[in-house]
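S.K.: I'd like to ask some things about the structure below.
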Amino acid sequence: MSTRTEIKTLWGLALPIVAAQLGTMMLGVFDMIMLGHFDTQHLAGSAIGHVWIFGTMIIAQGILLGADPRISQAHGAGNGERIGITLQAGLILGGLLCLPLAVAWWFTGEALHSMGVDPELSQLAGRYAAVQIPGIPFLLGYCLLRSWLQGRGIMKPAMWIVLLANVLNAFVNWVLVFGHLGFEPLGIVGAGCATTLTQAFMCLGLLLFVRVFRLQLNAWTRWSRLAWKELRVTFKLGWPIGMQFAFEAWAFQLCTLMAESLGTAALASHAIALNLASIAFMVPLGISIGASKRVGNLIGAGQPAGAQLAAKSALLMGAAAMLLAAATFILFSDQLPTLFNKDQAVVAAAAAILPIAGAFQLFDGLQVVAGGVVRGMGKTRVLAVTHFIAFYVVALPAAYYLAFERNMGLPGIWWGLCIGLGAVALWLCLWILRNGPASLPPDVPS
């Protein structure tokens, strides 16, 4: 198979995932846009609240991704029973993760205040997180169902559900944040309520889609005690992914806390730039997820050489996508921030850091696609080690030094992140070239 053919295959897998990931990302973006036009303080409160919400949820989501290589490799091997048992293990694990997440979100305000965040912002963030606690099981359930489907090459249901969810989220935000249709304006609390309702819709909607179109056929089995054994395997694969996600996410979240110390306008502009970067990031993230499924399927089918070609093709796709994103950030740095906020100080600060965000887009795209390849192989521990070193030995010290010791302020924080992402991308690409799927025996799935 040629590189061109493999890119076409990967893009067919990735495009619905990109749409679904963009749709998922836009749920948070709608919150930011609505609150940005409601009140800058509420915008800053949601941004700082997102630090804690995302920083804890991403660990749980990473742990559940331990099911991904098991599902994709079982699908490649034609083992429907193992796919079903892996989903059962994921559901049990997801249920166990709900309680610690709920406790963490209930104490969001106290946690952020202990980190030195302004008391008023901490209080707003706490209210924002508390009303989202009921959505935790729905969000984890949706993530599991999506992985279960995507690991079998069924990409479009999650895309359609999340697109409908965006319509619902925008409407409920409009009603609750600003107080339309007889409701009182709730601001940040309204945005949190909208998120919870939307997450419930996503999970139940995807479950209904599965039932109506009978997508459980050949991928489900009666509940079995084997699920508890599979639970241990899933957790063993998943905890390094959870740590990888935690290391990366908290590096960004700690940079947000650094930005908060520079003032409300700096925090708001940092949040705007981070949201724009995150939107662009959804494209290589979709390619990464598609690559993980493709590599896992090919390894399960006993085709490591094909999996290596898929890995190289995915890296090329990720680099191309982020070069385009970088060019967009540089060319439209003055216009893009106005989508979120009209405050001239906020817009100017965001415009100043967008070209820097554009510079690290290439590194970000490469590292996330490389991570997807490694997850598809089931070699998850290398990700945790790499991300810890790159972000906590390189990126964060560089960000602090440039921002506060060299008095570069917010741009210094973003240059530090850029350096860390470059380190991750370089190491993972070199690792794949040396230890990628082609190094596996042709008849032994990883």
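S.K.: Within region 139-239, report the trypsin sites (Lys or Arg not before Pro) that DSSP leaves as loop and that have at most 16 other Cβ atoms within 10 Å.
M.R.: 214, 222, 225
S.K.: Return the label of the correct value of Cα extents along the principal axes in Å, as calculated from the structure shown, out of (i) 68, 47, 43; (ii) 61, 56, 54; (iii) 60, 48, 36.
M.R.: (iii)
S.K.: Sticking with this one: What number, rounded to the nearest 500 deg cm²/dmol, is the helix-based mean residue ellipticity at 222 nm of the chain, given -39500 (n - 2.57) per DSSP H run of at least four residues and division by all its residues?
M.R.: When only DSSP H runs of four or more count, the value is -27500 deg cm²/dmol.
S.K.: Normalised by the number of residues in the chain, what is the relative contact order in percent for Cα pairs under 8 Å and 6+ residues apart? Write out the running numbers ahead of the final one.
M.R.: Details: 778 pairs, mean separation 104.9, N = 446.
Over the chain, the number comes to 24 percent.
S.K.: Turning to a different aspect of this structure: Under 5 Å between amide hydrogens, which residues at least 5 positions from residue 303 or on another chain qualify, with H placed 1.01 Å from N in the peptide plane?
M.R.: Distant-sequence amide H within range of residue 303: zero hits.
S.K.: Using a 10 angstrom cutoff on alpha carbons, build the Gaussian network for the chain and name the most mobile of 196, 338, 86.
M.R.: Greatest mean-square fluctuation among the candidates belongs to 338.
S.K.: A follow-up question, please. In what sequence, highest mean first, do 137-143, 201-207 appear when ranked by Cβ atoms within 10 angstrom? Let's see the in-between values first.
M.R.: Values: 137-143: 22.3, 201-207: 20.7.
Top of the packing list down: 137-143, 201-207.
S.K.: Along Cα→Cβ, 7 Å out, is where each label goes; now give me the distance between the ones at residue 156 and residue 348 in nm to one decimal.
M.R.: With each label point 7 Å from Cα toward Cβ, the separation is 5.0 nm.
S.K.: Of 151, 239, 273, which is farthest towards the positive pole of region 3-439's charge dipole, taken about the Cα centre with +1 and -1 on the beta-carbons of Lys, Arg and Asp, Glu respectively?
M.R.: Sorting the options by dipole projection puts first 151.
S.K.: Here's a follow-up. For region 358-407, run through the trypsin sites (Lys or Arg not before Pro) and keep only the ones in DSSP coil with at most 15 other Cβ atoms within 10 Å of their Cβ.
M.R.: Sites meeting the loop and neighbour criteria: 406.
S.K.: Just to be sure I understand the rule: take each whole DSSP H helix in the chain, project its Cα atoms onto its long axis, keep it if the span is 15 Å or more and its mean Kyte-Doolittle hydropathy is at least -0.5. Which ones pass?
M.R.: Span-like helices, by this rule, are 3-38, 40-64, 80-106, 119-130, 136-150, 156-178, 188-212, 226-260, 264-300, 304-331, 344-377, 410-435.
S.K.: Right, another one. Out of 430, 177, 264, whose Cα points farthest toward the positive end of the dipole of region 3-439 (charges: +1 Lys, Arg; -1 Asp, Glu; placed on Cβ)?
M.R.: Final value for the positive-end residue is 430.
Where a number appears in this text, it was derived from the coordinates with a stated rule and is not lab data. Everything quoted here is computed from the prediction, not taken from an experiment. We place every Cβ from the backbone using ideal geometry, glycine too, and count neighbours over all the protein chains shown.
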